[in-house]
Amino acid sequence: MLDLKQKHLVFALLLYVICNCFIAYKAFNVLPKVTWNATVLLIFLFVGLNTILKSFSSRYKNRQLFYYSYYNPVELLVATLIYNFCLLFILSVAIVGTLGLFAGIEIQNIGLYLSSMALGSLGVSILFSFISLLSIKSNSNTTIFSILALPLALPFMFLMLKINAVALGLIFDSTVMNDIYIFIGLILMFFSLSLISFPTLWKS
């Protein structure tokens, strides 16, 4: 509701996505599928950083006592994760659609590709939301977030890179479902860690 009241924030994110896609396209002029796949994930990663960084900073920092008094910390965490997932998945679809339109790339297995982007959006939203809270508690927002977020996001990025390559027809892998199961396992692991740690961090 807060974001919808400030529509310029939503349009700014869309403009950010379109500009990044256009710059990437003009930098290469011709984007083969391998380069296109990597470019989509790089833009996705930095859009996630810029979007989710504010999860527990600008939105909650000045109202922490109010939220602490009225809400259960687990409910607050889950609600934030759902919102961040929805926002990041919409932006990821915008990235794929925009860069695909510029470069004229066709996806052979759209269902598999969207599943990969959905899992990636969920995993990144859980990871970055939790690290965003850690960065506030340490009083060094940018430093802690940058140091922790990018290395921990690498397993998600590598899995997305492989699954997306299969969906694009770049490689053939009959065991791609195993990668999806590993992906789900990583998401559950980070989600469990967030659920266990968040109430204690929130009270501190």
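The values are calculated or read from the model by the stated rules, or taken from the named source; none is laboratory data. Only a predicted model underlies this, so the values are computations on that prediction, with no experimental measurement involved. Because the Cβ atoms are built from the backbone with ideal geometry, glycine has one as well, and the counts that use them run over all protein chains shown.
For segment 40-48, check the following and say yes or no: at least one residue is within 20 Å of Ser146 (Cα to Cα), in contact with a Ser or Thr (Cβ under 8 Å, 6 or more places away or on another chain), among the aromatic types (Phe, Trp, Tyr) and at pLDDT 85 or above.
Yes, segment 40-48 contains a residue that is within 20 Å of Ser146 (Cα to Cα), in contact with a Ser or Thr (Cβ under 8 Å, 6 or more places away or on another chain), among the aromatic types (Phe, Trp, Tyr) and at pLDDT 85 or above.
Go through segment 50-68 and give me each residue that's at pLDDT 75 or above and more than 28 Å from Asn109 (Cβ to Cβ).
Residue satisfying the conditions is Asn50 alone.
Report whether or not Asn84 is closer than 19 Å to Ile163 by Cα and modelled with pLDDT of 85 or more.
So Asn84 does not fit the description; no.
Suppose we filter Lys26, Lys33 for residues that are exposed (fewer than 14 other Cβ atoms within 10 Å of the Cβ), more than 22 Å from Leu148 (Cα to Cα), of a type in the set (Lys, Arg) and at pLDDT 80 or above; which single one remains?
Details: Lys33 fails: exposed (fewer than 14 other Cβ atoms within 10 Å of the Cβ).
Unique residue meeting the criteria: Lys26.
Which of the residues spanning segment 172-194 are surrounded by 10 or more Cβ atoms within 10 Å (Cβ to Cβ) and either touching a residue at least 60 places away in the same chain (Cβ under 8 Å) or assigned to a loop (DSSP other than H, G, I, E, B) (or both)?
Asp173, Val176, Ile180, Phe183, Ile184, Leu186, Ile187, Phe190, Phe191, Leu193, Ser194
Out of curiosity, is Tyr16 assigned to a helix (DSSP H, G or I), at pLDDT 85 or above, on the phi < 0 side of the Ramachandran plot and not small (Gly, Ala, Ser)?
Numbers: assigned to a helix (DSSP H, G or I): yes; at pLDDT 85 or above: yes; on the phi < 0 side of the Ramachandran plot: yes; not small (Gly, Ala, Ser): yes.
When the stated conditions are applied, Tyr16 passes them.
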